[in-house]
Amino acid sequence: MKKLLRNPLFLFIFGAIAATVIGYLINQLPNIPNFPHKTEILFAAVFIFTILTALVAYQQAQQQPEDAPADIDPTIRPRLLEAEGTKVKQRLRDSLHDLLMLDLRREEQPQQVARKPLQTLYTVSVNNTISQPKVKVLDKIIDVLRRDDIGGRLLILGKPGSGKTTTLLDLAEELLERAKNNHSEPIPIIFELSAWRDDSVNFLGWLIIQLKEEYNLTPGISRFWLERGEVLPLLDGLDELGLEKQRKCIRAINKYLSEDAKRDLVVCCREEEYIAGEEQLAELHGAVCLQPLSNKQIQNYLEVFDRGDLWHSIENNAEFLELAKTPLLLSMMVVAYQGQAIHTKEELFDSYIERRFELNPVNQEEPQRRKTIHFLKFLANRLKETQTEFLIENIQPDWLLSSRQKFFHRLIVGLIFGLIVGLIVGLIFGLIFGLIFGLIFGLSYGLNYGLIKIETVEEIRFSFKPEKRKQYIKNLIDGLIVGLIYGLICGLILGPIYGLIFVPIFGLIFGLIFGLIFGLKDEILNKSFPNQGIWTSAKNTLIFTVLCSSIFTFVQVWLKSSLSQFIRVDNIDFILKLSQFLVVFLVFFYGGGLACIKHFSLRLVLWHNDYIPWNYAQFLDRAAERRIIQKVGGSYRFIHRLLLDHFADMPISTSSLK
């Protein structure tokens, strides 16, 4: 029975029969005199209709995350590997740590994952040049991960700026290369744990959601691969959650790993926060801790850059020397040091920012330097509360700080949406009526639903492969079911004849649009330029509008001749105009147009309140040129979490900018 209820064809047939019976009963029973239990039957009919609607909505909502497709497109794996590989290489190329050319020592600490220390102490060196007496040296971190006693489950610890993320990126690059050459190797994917906010979702579910948001990977495929160990999650930023959420996240990870021995996983975390949390990743099999740089390493590195003056200042200042033992801070010192000793991280970050602006001054097309710093502060505050990586199209209404700003955002969404709906209706039914109806409808929507999360409609791909055809047919049937319900509602209001007419028409419209929009969506989105999601949503809205309108224009000819046998010509014109409106409206609503309106309104309110510049992409690109922001395809992130925290700790004030 459960399988039957998950079958879209069964739901469609059952819905059609139920809708016909219910529509007939509701329309005919009141006209039959002395019919027994008339009220009870009408109540039962309405109740069944409500249950049917709820069943369809619930079933379709539950089906996508749970079901894996029978045939997975064989091109998805190589495309996912290519997309992840591009991201990893770009991050490594732009990383400050990439400038270091240093060997990072890694000490094994199995006690951090509730395991007894081994007899041999392993200190890992990247280029096999650092060694200690009676210590076994391994060439790469991947050798530790593949050891029999580690078995693919590893924790990487270290102090802030010690090279944890760079180590994880190096590991990902090697694993990606192996996965490309060997289909049996798992796909390594880096996940930012700063995005783990809802602890009510199990960890497997969270990974599935992240793959959907990052690469538009179908939940069924994600679940299928994760449950079989075909995806290797590399988790970064456990310490960014705060101690309470960190403990909950560790418990969720342990539960996820305990459910299946085939699941491998790597986690990065700051050593101090991990120990302070007093909750261990007991399901991992080993841990390594990145060690501070030695004095000799610091001196050799500075000699490569001919910065003997800096080394002289460092060796004569204990505070300066302590900072230099951290790879990130040492790389910043090479840029920031201008003859004055630096005593704290805050002084170092301020000097680094100052020097970056000196090397790359603000030009006439940019905001003033004071405003530029202010915009970076605001961005850091927003990212600190959500996640590390930033996409312009992912700006959400929760960026607005006051109820007044949220009200104006909802109002602007309602006005623009209402104006567009009004023009569509006006072109079909008359301009005055259209504008009045559109503004009422738009404002009602904007004021009530303007703060809902913005969902872009991105890549579409026309394909005649069997798995794509199945997906299209499934979404077509889903649309037919929705159309059937709306047709039934019209039948209940206007009469059974109109119900019988509207059911197939609305079913065709909804089926066509749902099939095209949701059936042609492509997996594996590679964000290659800024704000790609909004630009592609706008493009897709135009494509779908032209395509669906063209198809419906041809269908109208057949409908007109068919309907003329049942109803009057003026009623036929009304039905066709209403259908035409539905086509354009639904394409705009579901095809990406509404996302564009919400994004524009949100950007407008943020710009008006001096939280962001008007040309955000240009601003972020200039910050990337100054090596304050790191650009990876169409996404951005601060060059390091420590720098993000430094900007986030600065006070935000717009009064001085007015």
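Computed over protein heavy atoms with a 1.4 Å probe, the carbon and sulfur contribution to the accessible area of the stretch 295-359 reaches 44%. In a shell of Cβ-Cβ distance under 14 Å around Asn317, excluding Asn317 itself, what net charge do Lys and Arg (+1) and Asp and Glu (-1) give? Summing Lys and Arg as +1 and Asp and Glu as -1 gives -4. Above 18 Å, the calculated P(r) of the stretch 295-359 contains 25 percent of its Cα-Cα pairs. Surface composition of the stretch 397-452: carbon plus sulfur atoms contribute 76% of the solvent-accessible area (1.4 Å probe, protein chains only, all chains present).
Applying both filters, DSSP loop and at most 14 other Cβ atoms within 10 Å, to the trypsin sites (Lys or Arg not before Pro) of the stretch 237-276 gives Lys262.
To the nearest µm²/s, what D does Stokes-Einstein give for the stretch 397-452 at 25 °C and 0.890 mPa s, using the Kirkwood radius over alpha carbon pairs as Rh? So the translational diffusion coefficient is about 218 µm²/s. Counting only protein chain heavy atoms and rolling a 1.4 Å probe, the accessible areas of Ile142, Ile424 rank, largest first, as Ile424, Ile142.
Rolling a 1.4 angstrom probe over the protein heavy atoms with all chains in place gives the stretch 146-246 an accessible area of 34 Å² per residue. When the Cα gyration tensor is reduced to axis lengths a ≥ b ≥ c, the ratio a/c is 1.5 or higher for the stretch 165-296, and with a/b not above b/c it is classed as oblate.
Ligands, DNA and RNA excluded, the heavy atoms of His183 present near 140 Å² of accessible surface to a 1.4 Å solvent probe.
The values are calculated or read from the model by the stated rules, or taken from the named source; none is laboratory data. None of these values were measured; they are calculated from a predicted model. Every residue, glycine as well, gets a Cβ built from its backbone with ideal geometry; the counts of neighbours run over all protein chains shown. In case anyone asks, the SASA skips ligands and DNA or RNA and just uses the protein heavy atoms, side chains included. Shrake-Rupley method; radii C 1.70, N 1.55, O 1.52, S 1.80 Å.
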